[in-house]
Amino acid sequence: MRNENVNRRGFLRFAGATAAGVVLFDFARGARRAANRPNFIIIFCDDMGYGDLGCFGSMKHRTPNIDRMAEEGTRFTSFYVTSGVCTPSRSSLMTGCYPRRVNMHKSARNEWVLFPVAKKGLNPNEITIAEVLKSQGYATACVGKWHLGDQPEFLPTRQGFDYYYGIPYSNDMGSRQRKQNPPLPLMRNEKVIEAPVDQNTVTKRYTEEVIKFITANKDKDKPFFVYLPHTMVHNPVHSSDKFRGKSANGGYGDATEEIDWSTGEILAALKKLGVDENTLVIFTSDNGAANRWGGSNLPLSGYKGSTMEGGMREPCVMRWPSRIPAGAECDELTSTLDLLPTLARLAGTKVSEDRIIDGKDIWPLMAGERGAKSPHEAFYYYYVDQLQAVRSGKWKLHLPYEIKRKNQTTKAALKLYDLNADIGETTNVAERNPDAVERLLSLAEKAREDLGDGNRKGNQREAGLVVTPKPLTMN
């Protein structure tokens, strides 16, 4: 449980050493300052590939609303998540930290994501993006897939969100997947309201919930933060009657086109409510598409779960009228790690200084400032607990990591790619660029010392753990 208390002055106190001894958030002061704060919406798809949107080259999917969002905003074409799978990727968006930093790179059972009735979850002592914004007077809602722990201690309502509506983990994790799993639950706050959930209608219902929330807070003249982690397009894909069977790409295309519709409905609601000009909307995905089921990562190589570009480089569109350039493209290296410090800045605050945060403020890139560059010296690609690649500038180095299969251990080949000239990672140029190889190997060693690699621990914080987890069921 979170070690916290609220004193009579309205401060929320979090455990964690600083020079002053504690980190303090003044909710009362935040509420007074909130009137002129921008609103934030993060739309986070599940398993959508780099090439699944029209504005990123899809010829199969009709995504006019997201394409128009790109015309009115900026496409980020070197935007990364920190893992090729769900749980660790989401932990980084929430905390601004690599998964190993917050010990969310694998489950307590050494699986690469959390499963139902998990002992492990995001430690409530971590300071999430929702908590940072809540400290500034924001109303906060999570609508959709959480996947950072299904026990009460780890739910969104214990991690800075005023409201939660959604499925707490992946949509294939019902009782058919494993006998011990409960029927797939739909939750409102901390209560299961439907099990098993009717997945055909979840995208539609998520959309309605988001619009209700932003409408209610517009009426209160209160800034809001909405985190919409869609359940789709994770397999098994579902869509409502209006979209089922209507795309040129089967069920995957149907689900993609319904997400586009959902995005359009939310953008239309912002305009109707008169808050469009003061709302930053970010659209991206938690990892790449799988190597089956209909998604596309083209022109990237690789797929969900891998440390090739197709596993961790995602389509990203950001829109904020008059603040983010329209019809622009940014190819500087950016990441979900950066959303927490950047939104904190825009809300008039900054990240806590009592802990390491890996993300950087990327507002100069978002604002299209002339000459703005990525603030990252390097970006690290982890597969569960193993460092497999590092990128710095245009160079990406695949490391000679160990590959263990049955009773045999081999080493992966060292490969260097120039991502500016070879986005598909097809031509190894390591022999021609020994200086780049040496520099990136040095950066990899810095990561091993800091974040760890395999059994090397590095500067990690503890995840949350419960002794006896219980299944989420309707009472």
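Stretching GLU265 away from GLU208 to a fully extended chain increases their span by 19.6 nm, per 0.36 nm per residue minus the current alpha-carbon distance.
Each Lys and Arg Cβ is given +1 and each Asp and Glu Cβ -1; about its Cα centre, the chain then shows a dipole of about 1120 debye.
For the chain, the share of DSSP beta bridges that are antiparallel, to the nearest 5, is 60%.
Between THR426 and THR201, residue separation times 0.36 nm minus the direct Cα-Cα distance comes to 76.9 nm. Starting from the Cα of ASP331, step 7 Å toward the Cβ, then list every residue of the range 423-441 with an amide N under 14 Å from that point. Under cut-off, by backbone N: 423-425.
Taking a ≥ b ≥ c as the square roots of the eigenvalues of the Cα gyration tensor, the range 386-450 is classed as oblate, since a/c reaches at least 1.5 and a/b does not exceed b/c. Each of ALA108, ILE266, LEU414 was scored by the projection of its Cα onto the charge dipole of the chain, and the greatest displacement toward the positive side belongs to ALA108; charges sit on the C-beta of Lys, Arg, Asp and Glu. Annotation for LEU273 and MET59: the two label points, set 7 Å from Cα along the Cα-Cβ direction, are 4.0 nm apart.
Treating only the Cβ atoms of Lys and Arg (+1) and Asp and Glu (-1) as charged, compute the dipole magnitude of the range 42-142 about its Cα centre; round to the nearest 20 debye. Could the numbers behind the result be given before it?
Numbers: 12 positive and 9 negative charges, 81 e Å.
So the dipole magnitude of the range 42-142 works out to roughly 380 debye.
Once you sort the root eigenvalues of the Cα gyration tensor of the range 58-212 as a ≥ b ≥ c, which label holds: rounded (a/c under 1.5), prolate (a/b larger than b/c) or oblate (the other case)? Note, shape of the range 58-212 comes out rounded. Excluding same-chain neighbours fewer than eight residues apart, the aspartates and glutamates reachable from LYS415 by a Cα-Cα span under 17 Å are GLU309, GLU402, GLU425, GLU431, ASP435, GLU438, GLU445.
Note on LYS406 and ILE193: the model spin-label points, each 7 Å out from Cα along the C-beta direction, lie 5.2 nm apart. Both numbers refer to the Cα atoms of the range 286-381; Rg and Dmax are 15.3, 44 Å. Modelled spin-label separation between LYS470 and ARG345, with each label point placed 7 Å from Cα along the Cα-to-Cβ direction: 4.5 nm. Sites listed here are GluC sites (Glu not before Pro) in the range 155-235 whose DSSP assignment is loop and whose Cβ has at most 15 other Cβ atoms within 10 Å: GLU190.
Cross-link partners of LYS404 among aspartates and glutamates, defined as those whose alpha carbon lies under 19 angstrom from its own and excluding same-chain residues fewer than eight positions apart: GLU111, ASP385, ASP453.
The calculated P(r) of the range 121-226, using every Cα pair and 5 Å bins from 0, goes 2, 12, 21, 23, 18, 13, 7, 2, 1, 0 in percent. Each of LEU465, TRP320, LEU186 was scored by the projection of its Cα onto the charge dipole of the chain, and the greatest displacement toward the positive side belongs to LEU465; charges sit on the C-beta of Lys, Arg, Asp and Glu. A straight line joining the Cα centroids of the range 411-475 and the range 75-117 runs 12 Å.
Once you've got the Cα coordinates, tell me which of LYS222/LYS272; LYS360/LYS446; LYS119/LYS411; LYS272/LYS360; LYS120/LYS394 are over 26 Å apart. Walk me through the numbers on the way to the answer.
Values: LYS222/LYS272 16 Å; LYS360/LYS446 18 Å; LYS119/LYS411 33 Å; LYS272/LYS360 33 Å; LYS120/LYS394 37 Å.
Over 26 Å apart, Cα to Cα: LYS119/LYS411; LYS272/LYS360; LYS120/LYS394.
Rounded to the nearest 500 deg cm²/dmol, what is the calculated helix-only ellipticity per residue at 222 nm for the chain, with -39500 (n - 2.57) per DSSP H run of length n ≥ 4? Display every interim value, and only then the final one.
Working: 10 runs with 106 residues, N = 475.
It comes out at -6500 deg cm²/dmol, rounded to the nearest 500.
Quick check on the range 38-366: take the gyration tensor over C-alpha atoms, sort the square-rooted eigenvalues as a ≥ b ≥ c, and tell me if it's rounded (a/c under 1.5), prolate or oblate. Taking the square roots of the gyration eigenvalues as a ≥ b ≥ c, the range 38-366 is rounded.
Quick note: the coordinates plus some simple rules give every number you see, no bench work behind them. A quick note: this is a predicted structure, and the numbers were derived from the prediction, not measured. Quick reminder, even Gly has a Cβ in these numbers, built from the backbone with ideal geometry, and neighbours come from all protein chains shown.
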